[in-house]
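**Q** Let me give you the structure first, and then I'll get to my questions.
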Amino acid sequence: MQIRPPAVAGMFYPADPTELHQTIQHFLREAETDELPPKAMIVPHAGYIYSGPVAASAYARLKNHPQPIERVVLLGPSHRVGFYGVAAPSAEYFETPLGRIEVDREAIEQIVKLSEVFVFDQAHSLEHSLEVHLPFLQETLGKFKLVPLVVGSATADEVGMVLEALWGGPETLIVISSDLSHYLSYEEARRLDRVTTAAIEALDAHAIGDEQACGRIPIRGLLRVARRHGLQAHALDVRNSGDTAGPRDHVVGYGAYAFK
């Protein structure tokens, strides 16, 4: 059995299962809503003290699913390894302090037939952009299958082809992992993140520049597919580290967005 163990537990989020459970439940209670789950979401991936409240504004909606969400397609940018394309894992399970999540190997076998997708475990071994979402998903969905994909250098159309192949119906949730602006002053970050939010809500992939989001490539892919499927996007919460747990001279922006 191949298992991808947690790499950033104790750094980005609590390593103790009880503390982790309590932390996430606190965030979810603060963000409680009766809104139904979206088809797709953009959610930040920083340490929980920084972006946890923003992420919870999206994940709180998953607790209200009228029918089970059986599969989560999770795409995030590569922070540690440079490569071209979309990296799938060979692992059968991803593990967090809350337990193991089964990887949808059938879905992986389906998409590796696409020219831009290949198995590349090095991209997954230390990557936090996917891992930080897993405990939130475990707390809100319980049992589900995971399609974890790390996005390197690729085009929006290539990401869009992957999303189309895995789109499915209401049993499938798409999650794009991305933070927004990086290391600007508080007011500069707010201005740029407003521009990014407007582009996302307009489903305008061309308006997402390189400096606006670390997950800009998977975001661009989602915006194109969302437009084709007739979805609408709206911001749930847009803040930055100066609002949550950091100083205001060099901040990182966080946004949560729902697509229905």
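**Q** What is the packing order of peptides 78-84, 179-185, 26-32, taking the mean over residues of other C-beta atoms within 10 Å and listing the highest first?
**A** 179-185, 26-32, 78-84
**Q** Based on the Cβ-Cβ distance from D249 to E70, what FRET efficiency comes out when R0 is 41 Å, to the nearest 0.05?
**A** 0.40
**Q** Still on this structure, I have one more. Could you pull out every residue, at least 5 positions away or on a different chain, whose amide H is within less than 5 Å of the one on K145? Hs are placed 1.01 Å off N in the peptide plane, and Pro or chain starts have none.
**A** Those lying under 5 Å, H to H, from K145 are R71, V72.
**Q** For the range 198-259, what % of the accessible area comes from carbon and sulfur atoms, probe 1.4 Å?
**A** 45 percent
**Q** Round to the nearest 0.05 the FRET efficiency obtained for V8 and Q232 when R0 = 35 Å and r is the Cβ-Cβ distance.
**A** The computed FRET efficiency comes out at 0.60.
**Q** For the chain, with every protein chain kept in place, what is the accessible area per residue (1.4 Å probe, Å²)?
**A** Value returned for the chain: 41 Å² of accessible area per residue.
**Q** Rg over Rh of the chain, using C-alpha atoms and the Kirkwood radius, what does it come to?
**A** We get a ratio of 0.93 for the chain.
**Q** Moving to a separate point now. Can you compute 3J(HN,Hα) from phi for each residue in the range 176-185, using the Karplus curve 6.51 cos²θ - 1.76 cosθ + 1.60 with θ = phi - 60°, rounded to whole Hz and x for Gly and Pro?
**A** My calculation for the range 176-185 gives 9, 9, 6, 8, 9, 5, 10, 6, 9, 5 Hz in order.
**Q** Rounded if a/c is under 1.5, else prolate if a/b beats b/c, else oblate: with a ≥ b ≥ c from the C-alpha gyration tensor eigenvalues square-rooted, which is the range 88-199?
**A** Since a/c reaches 1.5 and a/b is larger than b/c, the shape of the range 88-199 is classed as prolate.
**Q** Can you send over the carbon and sulfur percentage of the accessible area for the range 105-159, probe radius 1.4 Å, protein chains only?
**A** Answer for the range 105-159: carbon and sulfur cover 50 percent of the accessible area.
The values are calculated or read from the model by the stated rules, or taken from the named source; none is laboratory data. In this text the structure is predicted, and so the values were computed from the model without any measurement. In this analysis, Cβ positions are derived from the backbone assuming ideal geometry, glycine residues included, and neighbour counts consider all displayed protein chains. Just so you know, the surface numbers come from the protein's heavy atoms only, side chains and all, with ligands and any DNA or RNA stripped out. Shrake-Rupley method; radii C 1.70, N 1.55, O 1.52, S 1.80 Å.
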